[in-house]
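The values are calculated or read from the model by the stated rules, or taken from the named source; none is laboratory data. Since we're looking at a predicted model, the values are computed, not measured. Because the Cβ atoms are built from the backbone with ideal geometry, glycine has one as well, and the counts that use them run over all protein chains shown.
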Amino acid sequence: MQTITTTITILVGALAVAGCASDDPLPDAADGPGATDEPAIISIESFDFGDPVTITVGEEVLVRNLDGVGHTWTADDGESFASGFLEPGDEFRQRLDAPGTITFVCEIHPSMTGSITVVAG
């Protein structure tokens, strides 16, 4: 009887410890202040980048090409980001680490413009 009680106690303890575990990794210090798990999303649709976006320093932007043709997402300053050619359905991720407002353009369709504002956290 002692062996069964000891075995049950060990199993219950193991289950309790397993129940406290999480599949989510701890935040990475390299992510920096303001970093979140969910990126801001810019959807390219109908030859438009949508409304201006505001994020916090260290956050990531996800650009999705939902159009039936290719586009680019390129910062006007030539330094902040450049997605390269995005086929229909492609996505591009970029973390922005400096505050300010960045205007951008589709290099293929220069009438497509937009802006993203990065604020200090």
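Could you list all residues from segment 60-90 that are within 11 Å of the chain's Cα centre (by Cα) and free of Cβ contacts under 8 Å to residues at least 40 places away in the same chain?
Selection gives E60, L62, V63.
Looking at segment 35-46, can you tell me whether even one residue there is surrounded by 12 or more Cβ atoms within 10 Å (Cβ to Cβ), at pLDDT 95 or above, in contact with a Pro (Cβ under 9 Å, 6 or more places away or on another chain) and part of a loop (DSSP other than H, G, I, E, B)?
no
Quick check on segment 108-121: of everything there that is in contact with a Phe, Trp or Tyr (Cβ under 9 Å, 6 or more places away or on another chain) and part of a loop (DSSP other than H, G, I, E, B), which residue is surrounded by the most Cβ atoms within 10 Å (Cβ to Cβ)?
M112
Which count do you get for residues in segment 56-103 that are surrounded by fewer than 15 Cβ atoms within 10 Å (Cβ to Cβ), β-branched (V, I, T) and assigned to a strand (DSSP E or B)?
Qualifying residue count for the region: 2.
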